[in-house]
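**Q** Please see the structure below; I have some questions.
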Amino acid sequence: MFTEEAQWLKTALQDLDLPAGATVLNIGSSTESFRCLGQPFIDYYVFRPLEKRSIQTLHVDVRKDEGVDLVCDLTDPANDALVATLPQADVVLCSNMLEHVRDRSIVVRRLEQLTKPGGHLIITVPHVYKYHEDPIDTMYRPTNKQLEALYSRKEFAVVRSAILRVQCGYFDAPWNIRKDTYLRVSTFIRRRFLKHPIKKDFCRVAVVVLRKTANV
């Protein structure tokens, strides 16, 4: 996750005006050490404000570790029975996970299943970013509109949708040959002729908040 992404999530969650006692499922949560020490802005911007509002967060990950409340691999097709034991939540958060999934349709279906009718589903995925294994990277780099299209408008309404510019220290990760060629040529021209400094903050993250239809 990026700092700007965490800040956006803080605002998005605040705007949902969740009541005390509401539940958030954090899918692909990683460990408490990662959220609080490795990337402390995650805890600071996203989860501490929820705790102060008496909103319960349940962290779900494939690995059993400190700070993981529920152990479940949502990517495993054989885990339907296990997923069915997880509680439905007022908010389901799936951040920077779908690019690491071979069969996204399974996860998309299960995220829908875990969202309460009338609840919200929040998804973030890198749109422009380097290749990064965890343990795989399918190079899925959707726009926010493509994230919206994962779910039927009959079942989910779009509440908020954007592409965020984030500081990541890398050039735009190429998602097609034309983009890669453009970056290489433009970088060479700036270095060789224009003498302008090369910016390294071109990464982007696609973000959406969807509301599940109450009668689904």
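**Q** Are any of the pairs Lys145/Lys212; Lys64/Lys212; Lys10/Lys116; Lys130/Lys154 more than 23 Å apart by Cα-Cα distance, and if so, which?
**A** Long pairs (Cα-Cα over 23 Å): Lys64/Lys212; Lys130/Lys154.
**Q** If you don't mind, another one. By its C-alpha gyration tensor, with a ≥ b ≥ c as the square roots of the eigenvalues, how is segment 80-165 shaped: rounded for a/c under 1.5, else prolate for a/b larger than b/c, else oblate?
**A** oblate
**Q** What is the order of Lys64, Lys10, fewest Cβ neighbours within 10 Å to most?
**A** Least to most surrounded, the residues fall as Lys64, Lys10.
**Q** Mind listing the phi-derived Karplus ³J(HN,Hα) values for segment 46-55, rounded to whole Hz, using 6.51, -1.76 and 1.60 with θ = phi - 60°, and x for any glycine or proline?
**A** Karplus-based 3J(HN,Hα) across segment 46-55 equals 9, 9, 4, x, 5, 4, 5, 8, 6, 9 Hz.
**Q** Turning to a different aspect of this structure: Tabulate in residue order the Karplus-calculated ³J(HN,Hα) for segment 73-81, using 6.51 cos²θ - 1.76 cosθ + 1.60 with θ = phi - 60°, rounded to whole Hz; enter x for Gly and Pro.
**A** 9, 6, 8, 7, x, 7, 9, 4, 5
**Q** Under a crude label model (7 Å from the Cα following the beta-carbon direction), how far is Gln113 from Tyr131 in nanometres?
**A** Result: 3.3 nm between the two label points.
**Q** Measuring from centroid to centroid over Cα atoms, what is the spacing of segment 15-62 and segment 118-155 in Å?
**A** Rounded to whole Å, the Cα centres lie 19 Å apart.
Rule-based calculations on the coordinates, nothing more; no lab input. Given the structure is predicted, the values throughout are model-derived calculations rather than measurements. Using ideal geometry, Cβ is built from the backbone for each residue, glycine included, and neighbour counts are taken over all protein chains shown.
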